[in-house]
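Student: The structure is given below, and queries will be raised subsequently.
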Amino acid sequence: MPGYAENFKVGNIVDIDLSPNFFDFIFFDPYDVHPDDIEHMVNKILRACKPGGKITFYTYSDVLKALRFIKIFRLKLVNWIGDLLPREIAKKLKRIDHAEVSIGVYEQGGTKQSRCEISTTHAFMSKRK
């Protein structure tokens, strides 16, 4: 995708400012976010998603297995991506089970607009021309 290089921004999601109601699509893997910061980061991402947009929360199955083993999330049972997120958000996710990855899709209320934006946890952002 070298032709689109000027449309990508890479960095730490914690350090990047996200404009409110800006992204149509956001892909977020909370694995690298400290458990104490999850709620703040999820709220930051929710604000950045446009009305009518979608946020795909995901993490790999081997990560979930490791988290169950080390019990990093305060002895919380970790079986799918929703278990890593604030309960009120997890309840609103459309759960998609897959052998290799756990996925939950959140649909932002409101009317969809036309511009396409993409963000992931590791602060990969793209703007379609």
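The values are calculated or read from the model by the stated rules, or taken from the named source; none is laboratory data. Quantities reported herein were computed from a predicted structural model and do not represent experimental measurements. Note: ideal-geometry Cβ built from the backbone for every residue, glycine included; neighbour counts use all protein chains shown.
Student: I'd like the residue in the stretch 65-76 that is more than 20 Å from the chain's Cα centre (by Cα) and aliphatic (A, V, I, L, M) and, out of all such residues, is modelled with the highest pLDDT.
Tutor: If we take residues in the stretch 65-76 being more than 20 Å from the chain's Cα centre (by Cα) and aliphatic (A, V, I, L, M), then Ile70 is modelled with the highest pLDDT.
Student: A further question on this structure: Taking only the stretch 46-67 into account, find how many residues are buried (at least 19 other Cβ atoms within 10 Å of the Cβ) and over 20 Å from Ile96 (Cα atoms).
Tutor: Of the residues in that region, 3 qualify.
Student: Now a separate question. Could you tell me whether Ile38 is out of contact with any Gly (no Cβ under 9 Å at 6 or more places or on another chain), at pLDDT 85 or above and among the aliphatic types (A, V, I, L, M)?
Tutor: For Ile38, the condition - out of contact with any Gly (no Cβ under 9 Å at 6 or more places or on another chain), at pLDDT 85 or above and among the aliphatic types (A, V, I, L, M) - is met.
Student: Looking at the structure I just gave you, is Arg115 in a loop (DSSP other than H, G, I, E, B), within 18 Å of Phe23 (Cα to Cα) and modelled with pLDDT under 90?
Tutor: Yes; evaluated as a whole, the condition is true for this residue.
Student: Would it be correct to say that Val105 is touching a Ser or Thr at 6+ places or on another chain (Cβ under 7 Å), among the hydrophobic types (A, V, I, L, M, F, W, C) and not in a loop (DSSP other than H, G, I, E, B)?
Tutor: yes
Student: Okay, moving on. Regarding the stretch 87-100, can at least one residue be identified that is over 25 Å from Ile16 (Cα atoms), more than 13 Å from the chain's Cα centre (by Cα), touching a residue at least 40 places away in the same chain (Cβ under 8 Å) and part of a loop (DSSP other than H, G, I, E, B)?
Tutor: The answer is yes, given that some residue of the stretch 87-100 is over 25 Å from Ile16 (Cα atoms), more than 13 Å from the chain's Cα centre (by Cα), touching a residue at least 40 places away in the same chain (Cβ under 8 Å) and part of a loop (DSSP other than H, G, I, E, B).
Student: (1) modelled with pLDDT under 90; (2) farther than 14 Å from Phe27 by Cα: which one isn't true of Lys92, the others all being true?
Tutor: Answer for Lys92: the failing condition is (1).
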